[in-house]
Amino acid sequence: MEIAGRIKLISDIQTFDSGFRKREVVVTTEEQYPQHILIELLGDRVDIINSFNVGDDVRVSINIRGREWVNPQGETKYFNSITGWRIEKLMPVSGMGQENPMAQPSAHVSSAPSNPIMQEEEDDDLPF
């Protein structure tokens, strides 16, 4: 899956006693009701944001993860997280002075079909 928008926040890297590293990025979507999406970068992926700045228009490849937890009172709770694994800078649209969140990224030009369902199947490059 992917999220396109403008980087609103890039957090500092958090390092835990175990050596695990985490970094958070907030991307604001550009739609009628913009959403501020928190994306976690984990482990060796914390550095993929280094060449980006707040205000850059990007497309982030993500995985959505869910967990179940039973609290001490026996109630089952569910939690979701969004984990990013690739970030691409989007090119500005010439003429209108606005960024196009669906423009091709500057570092990657795809010749995938315009059908989004077909494109998702052919563009299945998960990191595992």
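The values are calculated or read from the model by the stated rules, or taken from the named source; none is laboratory data. Being a predicted model, the structure only gives us computed values, none of them experimental. For neighbour counting, all protein chains shown are included, and Cβ atoms are generated from backbone atoms with ideal geometry for every residue, glycine included.
Structural remarks
- Sub-6 Å Cβ pairs linking a first residue in the stretch 4-20 that is more than 13 Å from Asn50 (Cβ to Cβ) and modelled with pLDDT of 95 or more to a second residue that is part of a loop (DSSP other than H, G, I, E, B) and among the polar types (S, T, N, Q), at least 6 apart or interchain, are Gly5/Thr29, ordered by first then second residue.
- All positions within the stretch 1-49 that are among the small types (Gly, Ala, Ser) and surrounded by 14 or more Cβ atoms within 10 Å (Cβ to Cβ): Ala4, Gly5, Ser11
- Of all residues in the stretch 29-84, those that are of a type in the set (S, T, N, Q) and either over 12 Å from the mean Cα position of the chain (by Cα) or modelled with pLDDT under 95 (or both) total 9.
- Test result for Gly84, at positive phi, free of Cβ contacts under 8 Å to residues at least 60 places away in the same chain and not acidic (Asp, Glu): no
- Test: residue in the stretch 111-121 that is modelled with pLDDT of 95 or more and either touching an Asp or Glu at 6+ places or on another chain (Cβ under 9 Å) or in a strand (DSSP E or B) (or both): no
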